[in-house]
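Worksheet: one structure, shown below.
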Amino acid sequence: MPYHVFQGGRRRRRRRWPGRSAMLAVLACAAGAALFLTSRDDPAAPRRAVPTPATALVDGAPAPLAGGGTAPSQLAVRLDQPGDLVSLHFTHPPRSGLLFDLDTGRVLWRHDPTRVLKIASLTKMMTALLVVGRVAPGQRVRITKEALAYQGSGVGLFRRGRHIGVETMLNGLLLPSGNDAAIALAQRVSGTVPKFVALMNRRARAMGLTCTHFSHPDGFVDRANHSCAADLAALARAVLREPRLARIVHRRQAVLPFPIKGGKIYLYNHNPLLRQGYRGVTGVKTGYTAAAGRCLVASAHRGQVRLGVVLLHSPDPATQARKLLDRGFGLAR
């Protein structure tokens, strides 16, 4: 969380009123406290630009307040509660991981959950969150030349100047992890990609994601784009609370209107748990670059129990996620 630093003026001593300097110091402190409370509690109050601590972190460094802390959204996982209920040791563990209760935030298993790492296309969870908050269903997204100059994975069927429904674009963003969709959506929201990235980082700070920093809406470029398992767990909880996004990440495939011959586009989810038919899986997002390795944020439910798992730079995210979820659901029997 950003720290507020208050600087007082130099105290002056006067012989005639020995207690006056003390009174002035008390009044200055009171004024400072009032300013602090106003800036914290009043959304309309002006705020000083304070650089987020995330930009100062390097890959592999711990982020002690990661996962949201006392974020206003109450999406943080409970890293402060010791005594994880699941004990599971992998011969080749992920670099970072979490198993947690989606409803309560209780952590059931952890492995270096505040280690700052590259996250590849897990970035698109934040991109999607911002889009659904600013672009209503039924609106359209223009395909730009910048979107067509994407690198990495893409929907691949866009044509410059076409207008595509935002729900189709969100499916293209989250199912096949389209970097072209990410760029077009970012421009639809903010006009330019840099302005959208600034919005992403402001939202991350507002959510209390202290080890998270974004450099692009698609996550393809790893430089300056990082997070940790604890922050991504909070981000996953936010995604699953948005009905428009929860419906999308739950799909194994989608057939949607699209301006091509036949009038439809077929999109398929990269989530290995969905593709393998894991029972009760509900999402959420995959990611991969050479630097980030294979990453997975997954969710599933059995009865009234809803669990989430985050794996960063895992040698086998599908197998490790299944084992963790099985152990977690086994506790509820």
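The values are calculated or read from the model by the stated rules, or taken from the named source; none is laboratory data. Small disclaimer: the values here were computed from a predicted structure and weren't measured. Note that we place each Cβ from the backbone using ideal geometry, even for glycine, and neighbour counts take in every protein chain shown. Ligands, DNA and RNA are excluded from the accessible area calculation, which covers all protein heavy atoms including side chains. Shrake-Rupley method; radii C 1.70, N 1.55, O 1.52, S 1.80 Å.
With all protein chains present, how much of the accessible area of segment 271-326 (probe radius 1.4 Å) comes from carbon and sulfur, to the nearest whole percent?
Numbers: 1020 of 2040 Å².
Accessible surface attributable to carbon and sulfur in segment 271-326 totals 50 percent.
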All Cα pairs of segment 94-239, percent lying beyond 27 Å
21
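If eta is 1.567 mPa s and T is 4 °C, what Stokes-Einstein diffusion coefficient results for segment 160-239, Kirkwood Rh from Cα pairs, in µm²/s?
Estimated diffusion coefficient is 97 µm²/s.
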So, how do all the Cα-to-Cα distances of segment 176-284 break down into 5 Å bins, in percent, from 0 on up?
2, 11, 14, 21, 22, 16, 9, 4, 1, 0
Placing each pseudo-label 7 Å from Cα in the direction of the beta carbon, Arg241 and Thr319 end up separated by a distance in nanometres of 3.6
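Could you tell me which of the pairs Lys145/Lys261; Lys195/Lys264; Lys118/Lys145; Lys264/Lys285; Lys145/Lys195 are separated by over 20 angstrom between their Cα atoms in the structure shown?
Working: Lys145/Lys261 22 Å; Lys195/Lys264 32 Å; Lys118/Lys145 27 Å; Lys264/Lys285 23 Å; Lys145/Lys195 17 Å.
Where the Cα-Cα span goes over 20 Å, the pairs concerned are Lys145/Lys261; Lys195/Lys264; Lys118/Lys145; Lys264/Lys285.
Just need the relative contact order of segment 103-217 here, percent rounded to a whole number, with Cα pairs under 8 Å and 6+ apart. Kindly include the intermediate steps, with their values, before the conclusion.
Working: 142 pairs, mean separation 31.0, N = 115.
Dividing the mean separation by the residue count of segment 103-217 yields 27 percent.
Residue separation times 0.36 nm, minus the C-alpha to C-alpha distance between Arg134 and Gln276: what's the value? Kindly include the intermediate steps, with their values, before the conclusion.
Details: separation 142, 0.36 × 142 = 51.12 nm, distance 3.38 nm.
In short, 47.7 nm is gained.
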Modelling each spin label as a point 7 Å along the Cα-to-Cβ direction, I'd like the Phe90/Lys195 distance in nm, to one decimal.
4.1
Express in nm, to one decimal, how much length is gained between Lys261 and Asp80 on full extension, taking 0.36 nm for each residue of separation and deducting their alpha carbon distance.
59.7 nm
